[in-house]
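Asks: Handing you a structure now.
The values are calculated or read from the model by the stated rules, or taken from the named source; none is laboratory data. Note that this is a predicted model, so its numbers are computed, not measured. Don't worry about glycine lacking a Cβ; one is built from the backbone with ideal geometry, like all the others, and counts go over all protein chains shown. Keep in mind that these areas ignore ligands, DNA and RNA; they rest on the heavy atoms of the full protein, side chains included. Shrake-Rupley method; radii C 1.70, N 1.55, O 1.52, S 1.80 Å.
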Amino acid sequence: MKKIGILSSGGDAPGMNAAIRSIVRSTIYNGGEIYGIYDGYKGLMEGAIEEMNVSSVADIIHRGGTILRTSRSKEFMTEDGLKRAVNVAKVYDLDGIIVIGGDGSGRGALSLAKEGIKTFLIPSTIDNDLGYTDYTVGFMTAVENVVDAISKIRDTSGSHGRANVIEVMGRRCGDLAIYSGLAGGAESIIIPEMPYDLAQISKTVLRGVRRGKKHHIIVLSEGVGNAYDIAKEVQENTGVDTKVSVLGYIQRGGTPSSFDRILAANLGARAVELVFSGRGNMAIGTKDGAIMEMDLEEALNTKKDLDGEVYNLVERLSI
Ligand code: F6P
């Protein structure tokens, strides 16, 4: 009989609950025991652990956030914190811990793996910044959230003939900006992976003005530049009234899309299969649409490539 621990860590993402449901029910279906670890690695260190049953995950498939809650624990990253977490995992005699989260959470799982605790990563972050998998759980829902916001901003912007700088999350990865920019019909995208030129962006706005465009959307990844400074410069260069919308946490909440629920269900079920087969230290994901797994360390070291095709397409379609 297998005993599996499950935790969510780092920034929450829509679809984490669908992954938790899949893991809990797949474990029980296969005759195992499943233990929910609350507040991510913090809860592992502190022993905030509770056995779950089929009903623990009833009515959560459509909810954003994570019922297991999450944290970014600095203490877990210390030698002492890691030791405490390893001890708790040993006391519970877990055959594997399935971690739902992004890059930082994966690195936490790797630290545990190096101390002999078998770990598994379900990639889940709105950033889509893990190179080994096509998509992370939560990303597509966040794209929908941003596109919904862009569409609303276009309505008001078009009524006034304005330009808008719309700041989205993503830190070191521009995927959220690129995909939502493409789906939202943005004129320009500013992302961490590419240099940007405000003179060029201003020319694009003016070209739009000349051909009668009523709104001009510039999608900016957070951290690349100050949205207000960028808007000021575009306005000075073009004479077009330029407003800023920082979308913030709205992007991360809300009901997960079907895509994310299906991805979460598939990845969760595969993770449980891997625990039952005695494997350990694996990252689960998809490559070219097919479910796959790979060594955790290798997965975390896989470079994330910019989707240059999508980036260039936004530019081409904005003429
Ligand atoms: O990692 C996901 C993410 O949403 C980033 O895009 C963002 O920069 C960060 O989390 C915000 O994190 P926090 O919830 O700690 O403010």
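Asks: Please note which strands (runs of 3 or more DSSP E) are completely contained in segment 159-271 and include at least 3 residues that are open to solvent by 10 Å² or more (accessible area, probe 1.4 Å).
Replies: 242-246
Asks: Free of Cβ contacts under 8 Å to residues at least 60 places away in the same chain and at negative phi: is that true of Glu144 in this structure?
Replies: no
Asks: Here's another thing I want to ask about it. Filter segment 71-88 for residues that are assigned to a helix (DSSP H, G or I) and surrounded by fewer than 24 Cβ atoms within 10 Å (Cβ to Cβ) and give the result.
Replies: Glu75, Phe76, Met77, Glu79, Asp80, Gly81, Leu82, Lys83, Arg84, Val86, Asn87, Val88, listed by residue number.
Asks: I'm trying to understand the selection: among the residues of segment 113-158, which are open to solvent by 40 Å² or more (accessible area, probe 1.4 Å), outside any helix (DSSP H, G or I) and over 25 Å from Thr255 (Cα atoms)?
Replies: Glu115, Gly116, Lys118 - these are the residues of segment 113-158 that are open to solvent by 40 Å² or more (accessible area, probe 1.4 Å), outside any helix (DSSP H, G or I) and over 25 Å from Thr255 (Cα atoms).
Asks: Pairs needed: first member in segment 1-25, at positive phi; second member anywhere, open to solvent by less than 10 Å² (accessible area, probe 1.4 Å) and hydrophobic (A, V, I, L, M, F, W, C); C-beta distance under 8 Å; at least 6 residues apart or different chains.
Replies: Gly15/Val137; Gly15/Ala264
Asks: Which pairs do you get when a residue that is outside the structural domain of Ile150 (by TED's automatic domain parsing), found in segment 215-236, comes within reach of a residue that is surrounded by 21 or more Cβ atoms within 10 Å (Cβ to Cβ) and not in a helix (DSSP H, G or I), reach meaning Cβ atoms under 9 angstrom, with the pair 6+ apart or on two chains?
Replies: none
Asks: On the basis of being modelled with pLDDT of 95 or more and either of a type in the set (Val, Ile, Thr) or touching a Phe, Trp or Tyr at 6+ places or on another chain (Cβ under 9 Å) (or both), does Gly47 make the cut?
Replies: yes
Asks: Kindly indicate whether Ala283 is buried (at least 20 other Cβ atoms within 10 Å of the Cβ) and modelled with pLDDT of 95 or more.
Replies: yes
Residue-wise test of (1) in contact (Cβ under 8 Å) with a residue 60 or more places away in the chain; (2) more than 16 Å from the ligand (Cβ to nearest atom); (3) over 18 Å from Val224 (Cβ atoms).
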site	(1), (2), (3)
Ile150	yes, yes, no
Arg154	yes, yes, yes
Ile166	yes, no, no
Met169	yes, no, no
Arg172	no, no, no
Gly184	no, yes, no
Glu187	yes, yes, no
Ile191	yes, no, no
Leu198	no, yes, no
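Asks: Can you confirm whether Lys114 is free of Cβ contacts under 8 Å to residues at least 24 places away in the same chain, within 16 Å of the ligand (Cβ to nearest atom) and farther than 30 Å from Arg211 by Cβ?
Replies: no
Asks: Among Arg172, Arg154, which is the only one that is at pLDDT below 95 and not aromatic (Phe, Trp, Tyr)?
Replies: So the residue among Arg172, Arg154 that is at pLDDT below 95 and not aromatic (Phe, Trp, Tyr) is Arg172.
Asks: In addition: Collect the residues in segment 250-273 that are free of Cβ contacts under 8 Å to residues at least 60 places away in the same chain and either within 16 Å of the ligand (Cβ to nearest atom) or among the β-branched types (Val, Ile, Thr) (or both), keeping them in residue-number order.
Replies: Matches in segment 250-273: Ile262 only.
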